[in-house]
């Protein structure tokens with residue numbers, strides 16, 4: 001019976017599961033309902049972490065930012081020549097893993113007596129940069145055009161960490177993992193505090209089933225910079241689990257469970273790390289929690305069979 005149990009454990013741990021990060025989205029319009037493109041959306045954490053993100057609206061006045069660590073945020077929208085309508089200057093909300101957070105804005109033109117030539121200059125100044133345009137195109141799913149714009153932006157200024165990061169994300173979507181990784185590495189070199197780039201770098205290794213030192217180093221750095229990031233701790237645990245470091249995996253997965261106790265995969269992986277240390281009673285409790293949170297799990301039969309052996 002002991003031999004059968006070991007085989008089942010190895011089969012269950014063979015394929016890592018990656019978490020879905022938090023997402024923020026919304027739209028910006030004028031009081032008449034017309035979409036406003038090129039609006040800068042600033043996303044400032046106001047809870048337990050110190051993190052800032054930035055997004056830009058597309059031609060339809062829409063924006064989306066994926067990879068937002070769960071926490072409380074203050075969202076602001078700014079566009080040259082516009083001000084918030086009806087007096088509101090920001091939106092406070094919480095980002096979770098359960099569903100996308102939404103922040104919609106209404107901006108109105110600032111009434112001025114600016115002469116026509118100056119107005120023309122203002123419009124020219126509002127044209128998005130290659131970096132902004134590239135990010136917008138990537139968000140629209142136009143990867144080739146977005147990659148081209150981001151490459152052009154780096155030709156003009158190769159020292160912008162976020163541009164390298166955004167280009168890396170786009171290249172990963174095109175399954176160009178090796179080049180994407182180079183841009184993530186350059187991003188963290190230019191900005192050692194860019195937690196998202198460390199997380200993306202670590203995940204790029206995991207996507208190729210590489211769980212050793214480089215992935216662990218990158219994800220450990222991500223957990224340090226983003227101590228409230230469920231994906232960073234979860235994927236760090238995946239690395240440790242797949243390299244046989246069960247105690248370290250347990251520590252990472254416990255933190256993931258603490259950050260999102262309703263995410264079943266974290267309980268499952270924590271149970272596996274406990275089994276690897278012969279902590280069967282604790283493992284049993286975590287497996288039961290996994291089934292409670294995920295009653296229609298595809299592997300329910302396997303887990304129930306495993307529970308009978310504990």
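The table below lists the values:
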{"quantity": "Residue 251 being more than 26 Å from residue 160 (Cβ to Cβ) and assigned to a helix (DSSP H, G or I)", "calculated": "yes"}
{"quantity": "Single residue of 297, 271, 278 found to be outside any helix (DSSP H, G or I), free of Cβ contacts under 8 Å to residues at least 40 places away in the same chain and more than 28 Å from residue 66 (Cβ to Cβ)", "calculated": "278"}
{"quantity": "Residue within the range 180-201 that is without any contact (Cβ under 8 Å) to a residue 12 or more places away in the chain and either on the phi > 0 side of the Ramachandran plot or surrounded by 22 or more Cβ atoms within 10 Å (Cβ to Cβ) (or both) present", "calculated": "no"}
{"quantity": "Test: residue in the range 192-202 that is part of a helix (DSSP H, G or I), in contact with a strand residue (DSSP E or B) (Cβ under 6 Å, 6 or more places away or on another chain) and under 19 Å from residue 222 (Cβ atoms)", "calculated": "yes"}
{"quantity": "Hey, residue 134 outside any loop (DSSP other than H, G, I, E, B), at pLDDT below 90 and buried (at least 19 other Cβ atoms within 10 Å of the Cβ) or not", "calculated": "yes"}
{"quantity": "Test: residue 252 is crowded, with 18+ Cβ neighbours inside 10 Å, modelled with pLDDT under 95 and either closer than 20 Å to residue 306 by Cα or touching a helix residue (DSSP H, G or I) at 6+ places or on another chain (Cβ under 8 Å) (or both)", "calculated": "no"}
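The values are calculated or read from the model by the stated rules, or taken from the named source; none is laboratory data. Quantities reported herein were computed from a predicted structural model and do not represent experimental measurements. For neighbour counting, all protein chains shown are included, and Cβ atoms are generated from backbone atoms with ideal geometry for every residue, glycine included.
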